[in-house]
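Read the structure below first, then the notes.
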Amino acid sequence: MDEVNEKIKLSNKIFPYLSGLSADLLFWAAINTIFLTTVKSLSASQVSLLSAISSFVAILSQHIVLKIIKKIGNIKSVKLGLVLLFISSIIITFGSSFIVISIGEVLYNIAFLFKGMDIVILKRNLKYLKDEDSFIEIQSKSSLIYAISTMIIAFIAGFIFNINHYLPMIICILICFINILLSNFLYESKLQKEIIQKNNSKFKWTKVLFLIVLLYGLLYGTLETAQENGKIFIQYTLQNFISVNKTAIYLSIIIALSRIVRVLSNIFFSNIYRKIKNKFIIILNINLITAISFLIIGNLIPSNIIGIVIMSIGFCMLLLSRDPIMNFLKNALLNNCCKENQQKAILNFNLSRKIVRCILATLVSLILLKVELIYIMIILLIFSLVYLFFVIKLYKLLNDKENV
């Protein structure tokens, strides 16, 4: 028993580093557009098509992925996901045609469906140790490691790319390989596995689970869309009164500041959550509403400097909510889900984000053919206000369950 406990404790210690360093293809997220357009000579339309194709295939493959996960188990699923990330990084780096790079992008998206089981392993191990209260703290540490990594990368990726266009992706491939080695330290309680194997009941949607999955897709998908378009929104506003070169400098400073804010949000998240518990999701939704409002207000203010400062604050506030939304709802999902259904629940959880993101990206593309970007931000603001009704409903349901 002591040996099992030691293996679980080691697995839990490794988890934040493995999860944080594999939350995305590091360096790829920072240089993907410039790498694809400059090195691979793809058009902007082809870059958008890559995302659409890979997301669509990932959505369609969910049922097959779940069958594989149930067949091979959580540990092997995480390892398979990390191997797929490693293979996808190689294909994207050295692929010479649109079709080959598309295959790499598809593997990249499917990899995260398998890798998502790492959170199930952590939750079950903490349950085994009777230390479930540590989940938020460990998950926040994972997000913090990722946030710090991406912040550093944001500062250095451009310089490394200028030294050699392939160098950032070579480092990315190396990190993927290190993650595969780290995955050998993962361990899942055998007792928990036996319980799961004996109970084959079908996944049942409850009102709480449905709202958690729905709100993750809506809140996170909207936040990602607001972040992506908010950056362009600030860029266009800057270009109204300064040169392109100065715009690039100021925009990079704003993005760097937003990365620092993201790091700080992960440092303080667990402490704030312990104090206000389920109320935190309401605050996160209000923060999203305020962030988008600041982007709109800043654009409308006649004073250029004050307007940009307000827009920048709004953009940073988006990054403030990003990881806490995911961590809060992921914890709520696993707390309100039977152990035998956690695999299916996590897949649905991640899938909801992809579906909403696809819908919003398509909607934004179509609307921008007719109107200016400020109307997109107004639409996203209206959506965020509507979400508040569902968020309050979820808050009440979570409180009712805890008070039973």
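When Rg and the Kirkwood Rh are both derived from Cα coordinates, the Rg/Rh ratio for segment 139-193 amounts to 1.16. The simple spin-label model puts a point 7 Å past each Cα toward its Cβ; for Val100 and Ile355 those points are separated by 3.6 nm.
Please label the shape of segment 321-366 as rounded, prolate or oblate, based on the square roots a ≥ b ≥ c of the eigenvalues of the alpha-carbon gyration tensor (a/c under 1.5 means rounded; beyond that, a/b larger than b/c means prolate, else oblate). Taking the square roots of the gyration eigenvalues as a ≥ b ≥ c, segment 321-366 is oblate.
Of the residues Asn74, Cys176, Ile148, the one whose Cα sits farthest towards the positive end of the charge dipole of segment 66-182 is Asn74 (charges of +1 on Lys and Arg Cβ, -1 on Asp and Glu Cβ, taken about the Cα centre). Only helices reaching 24 angstrom along their own axis (Cα) with mean Kyte-Doolittle hydropathy no lower than 1.0 count here, and for the DSSP H runs of the chain these are 44-60, 74-94, 98-115, 135-163, 280-300, 304-335, 373-403.
If R0 is taken as 56 Å, the Cβ-Cβ distance between Phe56 and Asp2 corresponds to a FRET efficiency of 0.70. Between the labelled values (1) 36; (2) 21; (3) 44, the entry that holds percent of Cα pairs over 37 Å apart as derived from this structure is (2).
Across the accessible surface of the chain, with the other protein chains kept in place and a 1.4 Å probe, carbon and sulfur atoms take up 66 percent.
How big is the dipole moment of the chain about its Cα centre under a simple scheme where the beta carbon of each Lys and Arg is +1, that of each Asp and Glu is -1, and everything else is neutral? Debye, nearest 20, please. Walk me through the intermediate numbers first.
Details: 40 positive and 19 negative charges, 212 e Å.
Rounded to the nearest 20 debye, it is 1020 debye.
In a solvent-free Debye calculation with one equal scatterer on each Cα, what is log10 I(q)/I(0) for segment 1-144 at q = 0.13, 0.14, 0.18 Å⁻¹, listed in the order of the q values? Once normalised to I(0) and log-transformed, intensities are -0.66, -0.74, -1.04. Calculated accessible area for the chain comes out at 47 Å² per residue, all protein chains present (probe 1.4 Å; ligands, DNA, RNA ignored).
A simple spin-label model places the labels of Tyr250 and Leu167 3.0 nm from each other, with each point 7 Å out along Cα-to-Cβ.
May I ask you to list the trypsin sites (Lys or Arg not before Pro) in segment 341-404 that are in a DSSP loop and have at most 12 other Cβ atoms within 10 Å of their Cβ? Spell out each step's value before the answer.
Details: sites: Lys344, Arg353, Lys354, Arg357, Lys370, Lys393, Lys396, Lys401; in loops: Lys370.
Those satisfying the criteria are Lys370.
Each other residue within a Cβ distance under 11 Å of Val83 adds +1 if Lys or Arg and -1 if Asp or Glu, for a net charge of +3.
A convex hull fitted to the Cα coordinates of segment 70-180 yields 106 cubic angstrom per residue. Each semi-axis of the equivalent ellipsoid for segment 248-404 is √(5λ) with λ an eigenvalue of the Cα gyration tensor; in descending order they amount to 31, 19, 15 Å.
The values are calculated or read from the model by the stated rules, or taken from the named source; none is laboratory data. Values in this document were obtained by computation on a predicted structure and should not be read as measured data. Here Cβ is always computed from backbone atoms with ideal geometry, including for glycine, and neighbour counts include all displayed protein chains. Remember, those area values only see protein heavy atoms, side chains included, never the ligands or the DNA or RNA. Shrake-Rupley method; radii C 1.70, N 1.55, O 1.52, S 1.80 Å.
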